[in-house]
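Undergrad: Have a look at this one before I ask anything.
The values are calculated or read from the model by the stated rules, or taken from the named source; none is laboratory data. Please read these numbers as outputs of a predicted model, since none were measured by experiment. Here the Cβ positions follow ideal geometry from the backbone for every residue, glycine too, while neighbour counts run over all protein chains shown. Side chains are part of the model used for accessible areas, which takes the heavy atoms of the whole protein and leaves out ligands, DNA and RNA. Shrake-Rupley method; radii C 1.70, N 1.55, O 1.52, S 1.80 Å.
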Amino acid sequence: MTDARRLVPRTDTVLAEPAVAAAAERLGRAVVKGAVVAAQDRARRGEIGPADVPGAALAALPSAAASLTPVVNATGVLLHTNLGRAPLSAAAREALGLAAGTCDVELDLATGGRGARGAATVDALLAAVPGAAAAHVLNNGAAAVAMVAAALAGGGREIVIARGELVEIGAGFRIPDLLTSTGARLREVGTTNRVSPADYADAVGPDTAFVLKVHPSNFVVSGFTRSCEVDELTGLGVPVVADIGSGLLAPHPLLPDEPDAATTLARGAALVTASGDKLLGGPQAGLLLGGPGAGAELVARIRRHPLARAMRVDKLTLAALEATLRGPVPPVRVALDADAAVLRARAEALVARLPGVDAVAVNSTSTVGGGGAPGVTLPSAALSLPEPYAAALRAGRPAVLGRLEHGRCLLDLRAVPPESDDAVAEAVAGAPCR
Ligand SMILES: *Cc1c(COP(=O)(O)O)cnc(C)c1O
């Protein structure tokens, strides 16, 4: 014991070894030093030999300075909030790299003077929604709704909203609480299941700042129901603001009931708010679009509000959002449009690559998730495995997250990009389940 203790290399000596020094460059000296000290302790306890200290320290290091683990989304839920919603396109990832250093986010390189922050991203948004007269980008959808309420109704003015649209977005976040936290007052109209244009008309008065339509994006009410479209509410003498939620910019044939920005503006909404990381397929962001007429002036007012600075997005978001808008179809939209027969063929090809594993290709059902297209199901295909695979695959790197159904672990392929099939096959083949 005493001999081993004397032979354990000193911390500085281990840290000076080229491989260990390189790891400290990449991961930070404190993390690497902690791993070296832990390896020295193991050597003193006789668990490893003194010569094994550098190798043991390197083996215990994390693979990156940030601790997030990549996860293959095989849940069948296209937009999984717990997995960070939309995966970015290659173009958006490249844009993140460009923006990571110093860049001209708020500088006019032609004149050397200050430029309009994020102007290129706003231009991309206006190009994608030609019916919009003005646009602004904020931190997320909730920030967009809160800013509209604060700027237009903050001093105790009223927002007229249907009782059936007082929704909880998720994890306890409720639109009505968000609105009233800005100092606005709510004037609720209609009942849980029904509201008519007359209900709105009766409620609008001198204190009304605007009428708000909120898309019930994570539930469906059916039966004896009636809600109002934006165009039924535009004649009341106050702006109509529509929180469409999922960020569809134009109608999508598979999602006929999902509101989109272009149609909502065309129906007369003064302002439309949406998220950037739902069906738009981009980074977390809040989109604010102003219609022609009053909308553009309202967007300008919101940009000038003191709170706008607190909701401002960073250069990384601006870059990734612009690339999402201008670049190739983002992964979420590729997954949404994927043909079920192609998914089935991929599942069968995976089974063929896994001899000796109790794996079968099955048909399955995907959903959009993440606050979009409630009630819509998409035909899909999955690799069906014994249930213990679920935990084993979650522990892998990358982790693979499936879903449990009828005592089997299903790896649904709709949200898995085809280029990840190799990773799925390797993860299943290597899982300690046989
Ligand atoms: C998702 C959603 C929000 C919140 O958007 P975040 O980007 O998550 O802040 C607000 N309203 C509706 C209708 C939504 O679907």
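Undergrad: Give the accessible area for residue 94 in Å² (nearest 10); use a 1.4 Å probe, count only protein heavy atoms, and leave out ligands, DNA and RNA.
TA: 130 Å²
Undergrad: Counting heavy atoms of the protein chains only and a 1.4 Å probe, report the per residue accessible area for the stretch 8-59 as a whole number of Å².
TA: Heavy-atom SASA per residue in the stretch 8-59 reads 54 Å².
Undergrad: How big is the charge dipole of the chain about its Cα centre, in debye rounded to the nearest 20, if each Lys and Arg gets +1 on its Cβ and each Asp and Glu gets -1 on its Cβ?
TA: So the magnitude is around 1100 debye.
Undergrad: Taking +1 at the Cβ of each Lys and Arg and -1 at the Cβ of each Asp and Glu, which of 254, 291, 83 sits farthest along the dipole of the chain towards its positive end, judged by Cα position relative to the Cα centre?
TA: Of the options given, the answer is 83.
Undergrad: Report, in cubic angstrom per residue, the convex hull volume of the C-alpha atoms of the chain.
TA: Value for the chain: 192 Å³ per residue.
Undergrad: Could you check how many percent of all C-alpha pairs in the stretch 90-328 are farther apart than 27 Å?
TA: 33 percent
Undergrad: Another question about this same structure. Once you charge only the Cβ atoms, +1 for Lys and Arg and -1 for Asp and Glu, what is the size of the charge dipole of the stretch 35-161 about its Cα centre, to the nearest 20 debye?
TA: Approximately 280 debye in magnitude.
Undergrad: A follow-up question, please. Using the alpha carbons of the stretch 79-222, what is the convex hull volume per residue in cubic angstrom, as a whole number?
TA: Here the figure is 185 Å³ per residue.
Undergrad: Right, next: Got a sec? Charge dipole of the chain, +1 on Cβ for Lys and Arg, -1 for Asp and Glu; which of 170, 331, 43 is way out at the positive end?
TA: Comparing the listed Cα positions along the dipole, 43 ranks first.
Undergrad: Next up: What residue among 56, 18, 28 has its Cα farthest toward the positive end of the dipole of the stretch 8-59, where the charges are +1 on Lys, Arg and -1 on Asp, Glu, each on the Cβ?
TA: So the residue we want is 28.
Undergrad: Where does the stretch 8-59 land on Rg/Rh, using Cα atoms and the Kirkwood Rh?
TA: Computed over Cα atoms, the ratio is 0.94.
Undergrad: Is the stretch 203-302 rounded, prolate or oblate when judged by the Cα gyration tensor, a ≥ b ≥ c being the square roots of its eigenvalues, rounded requiring a/c under 1.5 and prolate requiring a/b larger than b/c?
TA: Judged from the Cα gyration tensor, the stretch 203-302 comes out oblate (a/c at least 1.5, b/c at or above a/b).
Undergrad: Follow-up question, since we're still on this one. Whole angstrom only: what separates the Cα centroid of the stretch 271-316 from the Cα centroid of the stretch 64-79?
TA: Using only Cα atoms to place each centre, the spacing works out to 27 Å.
Undergrad: OK, next. Rg(Cα) of the stretch 320-423 divided by 2.2 N^0.38 Å?
TA: So the Cα radius of gyration is 1.14 times the expected 2.2 N^0.38 Å.
Undergrad: Which translational diffusion coefficient, to the nearest whole µm²/s, is obtained for the stretch 159-227 from the Stokes-Einstein equation, given a Kirkwood hydrodynamic radius over C-alpha pairs, 20 °C and 1.002 mPa s?
TA: Calculated translational D: 169 µm²/s.
Undergrad: Can you give me the % of accessible surface on the stretch 1-58 that is carbon or sulfur? Probe 1.4 Å, all protein chains present, nothing else counted.
TA: 54 percent
Undergrad: Take the alpha carbon gyration tensor of the stretch 84-147, find the square roots of its eigenvalues, order them as a ≥ b ≥ c, and report rounded if a/c is under 1.5; if not, report prolate when a/b exceeds b/c, else oblate.
TA: Cα axes put the stretch 84-147 in the oblate bin.
Undergrad: Treating only the Cβ atoms of Lys and Arg (+1) and Asp and Glu (-1) as charged, compute the dipole magnitude of the stretch 90-328 about its Cα centre; round to the nearest 20 debye.
TA: For this selection, approximately 460 debye.
Undergrad: Among DSSP beta bridges whose residues both lie in the chain, state the antiparallel percentage, nearest 5.
TA: Counting DSSP beta bridges with both partners in the chain, the antiparallel share is about 60 percent.
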